[in-house]
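Below: the structure, in structure tokens.
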Amino acid sequence: MLHVHDLKFSRGREFTLQVADWRASPGHVQAVLGTNGAGKSTFLKLLCGEEAPTGGDIRLHGQRLQDWSALERARHLGVLPQASSLSFAFSAEEVVSLGLTPLNTGWRNAQQTVRAVMRATDCAHLAKKPYPRLSGGERQRIHLARVLVQLSQAEHAPVLLLDEPTSAQDLGQQHRMLELASGLAREHNYAVVAILHDLNLTLRHTTHCLHLDAGRSVAQGAPQEVLSTDSIAKYWGYNAQLLHTADGALVVA
């Protein structure tokens, strides 16, 4: 579990983020929502330790985030960034294998883990391709596989942080990416946190959401409760309709 209590972060006079109480629990996919500049990326940087809070507390499985060793934290908390640049001509499989760095495993088991994760993330067919020749969406799947390899020996429920994981994907891949995230939560007890812009993907694939606006938490709860027509009009500036599809799913139109 990842738990935030009375979190504060300031960057001079430019920006302040405040979240009083929030948690990402195993078995759930949590969306972080908000318009551009709301504080979503800053919040994710705080959760992974890239930025240090100026007040409050972030705990990973009950222990303060800063008290985890870098190695142990890497085994339990992984981040898929929005974009990753590598200038070396690694193959896709070699990039995924970088996730083995914090693990204690033999060569044979390591290779089995890499290949199994690449199959699960729909990128096994890319294994021998040079990474620089991959499309943006393919690179995103390769890095997701790398992060899942990194988390494969977690002793407690892994926490997976996704920074706009659907941004470089086509429509089908967007749903498959989030279906995979849902499967990790449901079947392997991951706590998944994803920055999302698409409200329909949020409604279909997440169980909880945190809505940020101007660095403040304005709503938390099930997406069907947080995303009302009034809130969409107020914060996104769009007079939406909320409709039910034939299979009962709620959509923004």
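Observations on the model:
- Scanning the stretch 31-59 for residues that are assigned to a strand (DSSP E or B) and over 23 Å from Gly237 (Cα atoms) turns up Gly55, Gly56, Asp57, Ile58, Arg59.
- Among the numbered conditions (1) farther than 30 Å from Gly106 by Cα; (2) in a helix (DSSP H, G or I), the only one that Ala219 does not meet is (2).
- Of all residues in the stretch 202-222 being touching a Leu at 6+ places or on another chain (Cβ under 6 Å) and more than 30 Å from Arg11 (Cα to Cα), the one that is surrounded by the most Cβ atoms within 10 Å (Cβ to Cβ): His205
- Condition check for Lys40: of a type in the set (D, E, K, R), closer than 14 Å to Leu161 by Cα and touching an Asp or Glu at 6+ places or on another chain (Cβ under 7 Å): no
- Residue satisfying condition, being closer than 20 Å to Leu184 by Cβ, without any contact (Cβ under 8 Å) to a residue 40 or more places away in the chain and part of a helix (DSSP H, G or I), within set Arg73, Arg108: Arg73
- The numbered conditions (1) part of a loop (DSSP other than H, G, I, E, B); (2) surrounded by 13 or more Cβ atoms within 10 Å (Cβ to Cβ); (3) of a type in the set (A, V, I, L, M, F, W, C) are all true for Val79 except (1).
- Residue, nearest to the chain's Cα centre (by Cα), within the stretch 12-46, restricted to residues that are more than 17 Å from Thr202 (Cα to Cα) and free of Cβ contacts under 8 Å to residues at least 24 places away in the same chain: Lys45
- Some residue of the stretch 236-253 being closer than 22 Å to Asp21 by Cβ and modelled with pLDDT of 95 or more: no
The values are calculated or read from the model by the stated rules, or taken from the named source; none is laboratory data. As the structure is a prediction and not an experimental result, all values here were calculated from the model. Cβ coordinates were reconstructed from backbone atoms using ideal geometry, including for glycine residues, and neighbour counts include every protein chain displayed.
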